[in-house]
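Report on the structure given below.
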There are 2 protein chains.
Amino acid sequence: AGKSDLQPAERSVDFPVSVVLPAGGTGERTGLQTPKQFCSFLGRPLISYTIQAFERVSWIQSIVVVVAKENMELMTDIVQRFQHGKVRAVPGGSTRHRSICNGVLALGEEEEEEEEEEVRPEVVIIHDAVRPFVDEDFLYSIATAAKEHGAAGAVRPLVSTVIATTSDGFLDHSLERAKYRASEMPQGFTYDVIYRAYQRCSESDFEFGTECLHLALQYCGTKAKLIQGPPTLWKVTYKRDLAAAESIIKDALSRSACVITGGSARAATLADALQEAVGAHGTELDVIPDLMGENARCLLKEWNFIQLSVNRSFLSDVEAMLTVLEAANRALLHPLVVIWVHLSDSDELSVSGRAAEPAAIMDLASAAKLRNILLYGIQLHQSKDTERWERSVSRVAEITSALIRERSPALVGQLLQA
Amino acid sequence: AGKSDLQPAERSVDFPVSVVLPAGGTGERTGLQTPKQFCSFLGRPLISYTIQAFERVSWIQSIVVVVAKENMELMTDIVQRFQHGKVRAVPGGSTRHRSICNGVLALGEEEEEEEEEEVRPEVVIIHDAVRPFVDEDFLYSIATAAKEHGAAGAVRPLVSTVIATTSDGFLDHSLERAKYRASEMPQGFTYDVIYRAYQRCSESDFEFGTECLHLALQYCGTKAKLIQGPPTLWKVTYKRDLAAAESIIKDALSRSACVITGGSARAATLADALQEAVGAHGTELDVIPDLMGENARCLLKEWNFIQLSVNRSFLSDVEAMLTVLEAANRALLHPLVVIWVHLSDSDELSVSGRAAEPAAIMDLASAAKLRNILLYGIQLHQSKDTERWERSVSRVAEITSALIRERSPALVGQLLQA
Ligand SMILES: [Mg+2]
Ligand SMILES: [Mg+2]
């Protein structure tokens, strides 16, 4: 997920491609009440992550999401809230194939309200709303193979031995694993092939059919090209898969952080020590003095910010950063983490207004949380005792890594001690 | 996982059953350097969770874990550290079947050092080290079916359509999904069947065979009974599966907590408010005045403890609890969470030794962490302003739920503000 965020595509297609995302499932298998495509983690429903995987691909022109009538309003809200500009929601049919067919037909219609003219796609990619980690390279492979062969589909090696059973529930024989593959998503079709397949499709296939690839073969004589996909194509099926998906997103978001020193030499020394210590936890730190000029680009690519303050109990630097982050709409898709690290002299803490800070940072954090920015504070004391100082630095690193990794909304506004 | 922890078995078998756990895999697919069965979450390697799933079943007499020679020492350490009394580790062979065969043979040997006499098992259950969530009910089904039919194995419905490919990578045809099943683990065999199967097994099957069920059929003419297993039988294969497994364990550990009021009426009122607020986060609270007499049983079944202190900034109650928990060896298999909630009068905080507590709780937490007990503090102030008080209580609930759910070692010793 993170890779595609950071590395722009090297390859593009020169024909119009659109996407149909059937999202009508009821999610019975997750053990949750909400259909799984609408279950949220890190404050966003799964389907929005999947939509994002397509929206960030420059050569994909539009996405039709097909949802059950009772979820149309929910879907419209999601599209607006997360500003999914390439998406249109259309109501589904009574089966998976009727829903996909509705989506394909919607792609052929002109939308009168649209300002930009949308061309009827040459290739249609069909995907599952619950496979959020499809990447641009693989979409490219499917789109170009579909253009060349009329149809293309993702496959994976079988993970278990497939066995045939007798009618009374005993082992009959096992299949030779090497000859078979698991059929996965995405699949791609030229518009003509998928349109004709559904025009000719029997009622029985509309009702019970499982594979679009099979319809293309049966009704258009088109043999799909099969392409082995990466394991990330996996489908969120059970509740545990939601935890796995959340963990993948959290990994991607916690790979690096931007440290702002404010130009102070002592802060720079602390930043160097942190860089080493946090690196051991798997997070890379990019240390800069401020967010001026060139450095402002940090604000547009980072998900984590660490503001160091030396001998200043003011939160004004943090306030300024929050203002810029909010203005840039950076926290639209993922929660941002901002950690204020306050380095004080040992004697300072017993005298100065230590009671004022906790209330101030809590207020700031409560307001920021409404904008999907998670603010935490860490306090450490300068010490001339080397051992004590190193212990403090490694605790800052440990706490910082945990805050960045967990992104816990419950702990915002806390002033933690290192 | 949690269910089996709490509900004792209603059914038992009246014949000796032992287990072979092949654990020689290299874990290439997880994307991790450590073989996946040795990857840890919540401070314990995956294989120890799987071992525990068998050890807690009263009618399972022993478990032979088969590991690669280079991991024998690591495995012996794990067995000692987590006190796996039913386990013996034996070195594996060059293939999966050679390893399982070693395990089966080891079960037939007498162990001279053993004090208790171990009987040669009538039924052998074979399982994967990376499927930690197998439950007692299903093991019972496999063991009894194996006894009756000579062999039995877990199956699951196919999750994807299985397709046959042409030699040049195109769709040939798709299988009719209803006729086939995915073969999973565990599998069970009478000792005679699995022993004879390996006695007669060809070199080629030792080298390339995949299914023990198939060997039983081929070499003993035993048709295995197939039993549909629950989705929890799934195999930890990728890095994301480790996150999923951790999440399942965390869910099981965060279902309930024990609140100790110390007998104070104000603490009891707070406990009632918390009970309601935390319930909304999915955790049930069991409120007791102290840990005396009958109430001491809490210490032997809970994974989470909340100690309420009213107007006393002493940590002595917590210290006493830690001593008992350590003595009971309660944190051997899972990290325990202890949360000290300190309710103070509004004026108390500005006067009294507020600076002393953070240091005291941090020291206590650092020591407890070495014993797998995670100690956190939460401070809240009594308020006559109802709105303010309710906001504080709901923040205590939110923080408590997050601490119990996340079990973060990085945040132990912090005194959080509600
Ligand atoms: Mg299909
Ligand atoms: Mg087998």
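Structure above, values below:
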{"item": "Lone qualifier among B:V124, B:V155, B:V130 - being within 16 Å of ligand 2 (Cβ to nearest atom), under 25 Å from the mean Cα position of the chain (by Cα) and closer than 30 Å to B:N329 by Cβ", "result": "B:V130"}
{"item": "Selected residue [in contact with an Asp or Glu (Cβ under 8 Å, 6 or more places away or on another chain) and among the aromatic types (F, W, Y)] from B:Y180, B:Y191", "result": "B:Y191"}
{"item": "Hits in the range B:308-338 (condition: part of a strand (DSSP E or B) and either modelled with pLDDT of 95 or more or of a type outside the set (S, T, N, Q) (or both))", "result": "B:L308, B:V310, B:L336, B:V337, B:V338"}
{"item": "Test: residue in the range A:284-300 that is under 24 Å from the mean Cα position of the chain (by Cα) and crowded, with 20+ Cβ neighbours inside 10 Å", "result": "yes"}
{"item": "Enumeration of residues in the range A:173-207 that are away from ligand 2 (no atom under 16 Å from the Cβ), in a loop (DSSP other than H, G, I, E, B) and free of Cβ contacts under 8 Å to residues at least 40 places away in the same chain", "result": "A:S202"}
{"item": "Any pair with Cβ under 8 angstrom, 6 or more apart, that starts in the range A:394-410 at a residue that is in the same structural domain as A:L270 (by TED's automatic domain parsing) and ends at one that is among the basic types (K, R) and part of a helix (DSSP H, G or I)", "result": "A:R405/A:K250; A:E406/A:K250; A:R407/A:K250; A:P409/A:K369"}
{"item": "Residue check for A:L403: surrounded by 19 or more Cβ atoms within 10 Å (Cβ to Cβ), touching a Phe, Trp or Tyr at 6+ places or on another chain (Cβ under 9 Å) and assigned to a helix (DSSP H, G or I)", "result": "yes"}
{"item": "Selected residue [under 20 Å from B:G229 (Cβ atoms) and more than 16 Å from ligand 1 (Cβ to nearest atom)] from B:A178, B:A197", "result": "B:A178"}
{"item": "Of all residues making up the range A:169-199, the number that are at the interface with chain B (Cβ under 9 Å from one of its Cβ atoms), over 20 Å from A:F138 (Cβ atoms) and of a type in the set (D, E)", "result": "1"}
{"item": "Residue within the range A:239-248 that is away from ligand 2 (no atom under 16 Å from the Cβ), in contact with a strand residue (DSSP E or B) (Cβ under 8 Å, 6 or more places away or on another chain) and assigned by TED's automatic domain parsing to the domain that holds A:G43 present", "result": "no"}
{"item": "Test result for A:T210, more than 7 Å from chain B (Cβ to nearest Cβ), part of a loop (DSSP other than H, G, I, E, B) and within 16 Å of ligand 1 (Cβ to nearest atom)", "result": "no"}
{"item": "A:S183 being surrounded by 18 or more Cβ atoms within 10 Å (Cβ to Cβ) and more than 24 Å from A:S58 (Cβ to Cβ)", "result": "yes"}
{"item": "All positions within the range B:213-236 that are facing chain A (nearest Cβ under 10 Å) and either outside any loop (DSSP other than H, G, I, E, B) or free of Cβ contacts under 8 Å to residues at least 24 places away in the same chain (or both)", "result": "B:L213, B:H214, B:A216, B:L217, B:K225, B:L226, B:I227, B:Q228, B:P231, B:T232"}
{"item": "Selection status of A:S247, of a type in the set (S, T, N, Q), part of a helix (DSSP H, G or I) and at the interface with chain B (Cβ under 8 Å from one of its Cβ atoms)", "result": "yes"}
{"item": "Selection status of A:S141, within 11 Å of another protein chain (Cβ to nearest Cβ) and hydroxyl-bearing (S, T, Y)", "result": "no"}
{"item": "Among the residues listed as A:G27, A:G31, A:G93, the single one being under 22 Å from A:Y191 (Cβ atoms), in the same structural domain as A:I194 (by TED's automatic domain parsing), in contact with a helix residue (DSSP H, G or I) (Cβ under 8 Å, 6 or more places away or on another chain) and at pLDDT below 95", "result": "A:G93"}
{"item": "Hits in the range A:51-74 - residues which are under 21 Å from A:P186 (Cα atoms) and of a type in the set (D, E)", "result": "A:E55"}
{"item": "Members of the range A:154-189 found to be within 21 Å of A:L213 (Cα to Cα) and among the acidic types (D, E), listed by number", "result": "A:E184"}
{"item": "Entirely in the range A:70-159, the strands (runs of 3 or more DSSP E) that have 2 or more residues that are surrounded by 22 or more Cβ atoms within 10 Å (Cβ to Cβ) and within 16 Å of ligand 1 (Cβ to nearest atom)", "result": "A:123-126, A:151-156"}
{"item": "Count - residues of the range A:373-393 that are within 11 Å of chain B (Cβ to nearest Cβ), in a helix (DSSP H, G or I) and either crowded, with 19+ Cβ neighbours inside 10 Å or at pLDDT 95 or above (or both)", "result": "0"}
{"item": "Yes/no for A:T222 being at negative phi, in contact with a Pro (Cβ under 6 Å, 6 or more places away or on another chain) and crowded, with 19+ Cβ neighbours inside 10 Å", "result": "no"}
{"item": "A:V57 vs. criteria assigned to a loop (DSSP other than H, G, I, E, B), surrounded by fewer than 18 Cβ atoms within 10 Å (Cβ to Cβ) and among the hydrophobic types (A, V, I, L, M, F, W, C)", "result": "no"}
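The values are calculated or read from the model by the stated rules, or taken from the named source; none is laboratory data. What you see is a predicted model; the values in this text were computed from it and never measured. Backbone-built Cβ (ideal geometry, glycine too); neighbour counts: all protein chains shown.
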